[in-house]
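Peer 1: What follows is a single structure, and I will ask about it in a moment.
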Amino acid sequence: FIITSYFLIPAFYDKNKIKKHLENQIFEKYNLRVELDESLKYGLFPSPHFFSKNTQINYNSKNIGFSEKNKIYISLGNFFFSDQINIKDLIFKQTNFKINNLSFRFFIDLFNNNENERYIKFINSKFFYLDQYDNTIFLINFKKLNYHFKENIIKEVISKFDIFNIPASFKLKHSEKDKDFFIEL
């Protein structure tokens, strides 16, 4: 009973305060600016997490993505104080990205993150590449787009997608220690 009560403490946090704390921590840790919806809720299983619908992803003060569902997994640390919650991993589902030449750098900046033992996953997402008049040039359907930051400063991007209805996969691995890049398409 005591253990279950401990893990349920975040369900009673002030929603606005925890929402701001999570948005700030996502920016600090992942260099990813998000605006969480007011429907932020807490879930206990399979591990403690907050989930939200209708999350906006911003880059350079512009909205470049809209995620219908996302989960923010938190560490099993101190739950007594809302400002001590620590984000572990992020999952975004059904995200629509609207990218042009100026905002494409978002994906590079996300890859250049230096966090260890964390990941960001985009599942069942769409990538609309736009021209200067906001017309869609091409569309990519991502089954998955995973950013994984491992120990020993190894960064990895794994993606499965369809472009022009042709299935493809992409893997990029970078070791900062050895200064090696491995790319597989």
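The values are calculated or read from the model by the stated rules, or taken from the named source; none is laboratory data. Note that the structure is predicted; figures quoted are calculated from it, not measured. Because the Cβ atoms are built from the backbone with ideal geometry, glycine has one as well, and the counts that use them run over all protein chains shown. Side chains are part of the model used for accessible areas, which takes the heavy atoms of the whole protein and leaves out ligands, DNA and RNA. Shrake-Rupley method; radii C 1.70, N 1.55, O 1.52, S 1.80 Å.
Peer 1: Among the listed residues I57, I18, which satisfies the condition of being open to solvent by less than 20 Å² (accessible area, probe 1.4 Å) and at pLDDT 90 or above?
Peer 2: The unique qualifying residue is I57.
Peer 1: Determine which member of the set E23, E68, E28 is within 27 Å of N124 (Cβ to Cβ), outside any strand (DSSP E or B) and within 19 Å of the chain's Cα centre (by Cα).
Peer 2: The match here is E23.
Peer 1: In addition: Could you grab the pairs with beta carbons closer than 8 Å, sequence gap of 6+ or different chains, first residue in segment 22-46 and free of Cβ contacts under 8 Å to residues at least 60 places away in the same chain, second one assigned to a strand (DSSP E or B) and β-branched (V, I, T)?
Peer 2: Qualifying pairs under 8 Å: E23/V34; F27/V34; R33/I57; V34/T55; V34/I57; E35/T55; L36/T55; D37/T55.
Peer 1: Mind listing just one residue for me: the one in segment 77-103 that is touching a Phe, Trp or Tyr at 6+ places or on another chain (Cβ under 8 Å) and assigned to a loop (DSSP other than H, G, I, E, B) and, of those, modelled with the highest pLDDT?
Peer 2: Taking the candidates together, the pick is N100.
Peer 1: So, one more: Cβ-Cβ distance below 6 Å, separation of 6 or more or different chains: which pairs start in segment 76-91 with a residue that is touching a residue at least 24 places away in the same chain (Cβ under 8 Å) and end on one that is surrounded by fewer than 18 Cβ atoms within 10 Å (Cβ to Cβ) and among the β-branched types (V, I, T)?
Peer 2: Within 6 Å, the pairs are F79/I9.
Peer 1: Just to check your reading of the model, which residue among I108, I74, I91 is out of contact with any Gly (no Cβ under 7 Å at 6 or more places or on another chain), closer than 20 Å to L172 by Cα, of a type outside the set (K, R) and buried (at least 18 other Cβ atoms within 10 Å of the Cβ)?
Peer 2: Testing whether each residue is out of contact with any Gly (no Cβ under 7 Å at 6 or more places or on another chain), closer than 20 Å to L172 by Cα, of a type outside the set (K, R) and buried (at least 18 other Cβ atoms within 10 Å of the Cβ) leaves just I91.
Peer 1: On to the next question. Give the residue, chosen from E176, E156, E184, that is farther than 25 Å from Q94 by Cβ and either among the hydroxyl-bearing types (S, T, Y) or surrounded by 10 or more Cβ atoms within 10 Å (Cβ to Cβ) (or both).
Peer 2: Among E176, E156, E184, only E176 is farther than 25 Å from Q94 by Cβ and either among the hydroxyl-bearing types (S, T, Y) or surrounded by 10 or more Cβ atoms within 10 Å (Cβ to Cβ) (or both).
Peer 1: Next question, about the same structure. For residues in segment 111-121 being open to solvent by less than 40 Å² (accessible area, probe 1.4 Å) and not in a loop (DSSP other than H, G, I, E, B), which is farthest from I87 (Cα to Cα)?
Peer 2: Checking each candidate, the answer is F111.
Peer 1: Conditions first: (1) open to solvent by 40 Å² or more (accessible area, probe 1.4 Å); (2) under 30 Å from I2 (Cβ atoms). N124 passes all but one, so which condition is the exception?
Peer 2: Here N124 clears every test but (2).
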